[in-house]
Amino acid sequence: METGDPALELADLVMHFGPVRAVDGVSLRIERGTVLALVGESGSGKSTVGRCVVRLLAPTAGTVRLGGTDVTHLGRRRLRPHRRDVSIVFQDPASSLDPRLQVGDIVGEPLRLLRLGLSRAERDRRVGDALEQVGLRRQVAQRYPHEMSGGQRQRVSIARALVSSPRLLVADEPTSALDVSVQASVLNLLADLQRDLGFACLFITHDLSAVEYVADEVAVMYLGTLVEHGTREAVLDAPMHPYTQALLSAAPLPDPRAQRARRRVLLDGEIPSPTAPPPGCRFHTRCPVAQDRCRTEVPPLRATARGRVACHLVADDGTGPDVRRVAREETALRYGSRR
Ligand code: SF4
């Protein structure tokens, strides 16, 4: 990896499955050693982006660069040296771990597939180290996945992803299949490992409350495109795009009083089908402040003083519509003000 190259660079990434336009022109970069959270509802295309990054999918168009190298069209053999640089943790450890293999073989599998020429003893040592890194005892190498809890199984998935010391980890909803009681501990583990080992991370989630603890930057996807991208503080404290504002208004707050006081923005309807995205701004069918031009003109993703945003109503200084205020006013009109 050349000095100065980002860990990941996506340029105009497109992934279509027949008529389904799952990803439609996503450009992003993740600097080395930093975490970018890719956020959106299910159906936004965020997991498809993750699968293109690790080349489980071959993109329809656009480029994927890992550490400065274009890996978009590399065949299996030429891709092998780069496989070491990027790993993925999936949402559900129950289906991503082979139930017939012992934990030691599962965690050691990437080392075998990468053909690093390691002896069995060296492989076992690295597997043991990886298990300890994720807070498990070395002895669990002899167990099978079904003998472990959901949280332990996800730790095994993380050990498998990190055993080859990747420079980039794609974490695809790594806590959402887990019991609420263990979600925080797995999230903390990922944050600690990222800080200690210094890998870059594409953290894919629908849960904006998780983003606060792990991300340096946040990018928001809607129907296959990016609608907002900025630093964590900018996006979480003063979101520009109406969709980001609505998502944030629905994320649970730790303080119950703040939670009760907050006005939630309810979006009308479901996310439209990616086979026939709405014309103009793709969000216009659900946007509380949509105007006539939004139905015909596509808002480009452009730079403002507070990050990148795709909305006609946001000015260059980042100021724009406040859909939470609009929601408050609408509620007051419908039901009368509480004051
Ligand atoms: S461009 Fe129009 S429809 Fe799209 S988010 Fe902005 S105001 Fe809403």
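Bear in mind that the values in this text are calculations on the coordinates, not laboratory data. If you're wondering where the values come from, they're calculated on a predicted model, not measured in any experiment. Because the Cβ atoms are built from the backbone with ideal geometry, glycine has one as well, and the counts that use them run over all protein chains shown.
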- prompt: How would you rank 73-84, 6-17, 201-212, highest first, on the average number of other Cβ atoms within 10 Å across their residues?
  reply: 201-212, 6-17, 73-84
query: Where a ≥ b ≥ c are the square roots of the eigenvalues of the C-alpha gyration tensor, would you call the chain rounded, which needs a/c under 1.5, or, failing that, prolate if a/b is larger than b/c, or oblate?
result: prolate
- request: Rounded to the nearest Å, what's the spacing between the alpha carbon centres of the stretch 154-194 and the stretch 272-304? Just the number, please.
  value: 34 Å
query: Rounded to the nearest 500 deg cm²/dmol, what is the calculated helix-only ellipticity per residue at 222 nm for the chain, with -39500 (n - 2.57) per DSSP H run of length n ≥ 4?
result: -10000 deg cm²/dmol
message: For a test of the definition: using alpha carbon positions, the gyration tensor, and the 1.5 limit on a/c, classify the stretch 36-161 as rounded, prolate or oblate.
response: oblate
message: Compute a Gaussian network model of the chain, connecting alpha carbons closer than 10 Å, and tell me which residue from GLU122, GLU233, GLU109 fluctuates the most.
response: GLU122
- prompt: With θ set to phi - 60° and the Karplus curve 6.51 cos²θ - 1.76 cosθ + 1.60, what are the ³J(HN,Hα) couplings of the stretch 217-222 in order, to the nearest whole Hz, using x for Gly and Pro?
  reply: 10, 10, 10, 10, 10, 9
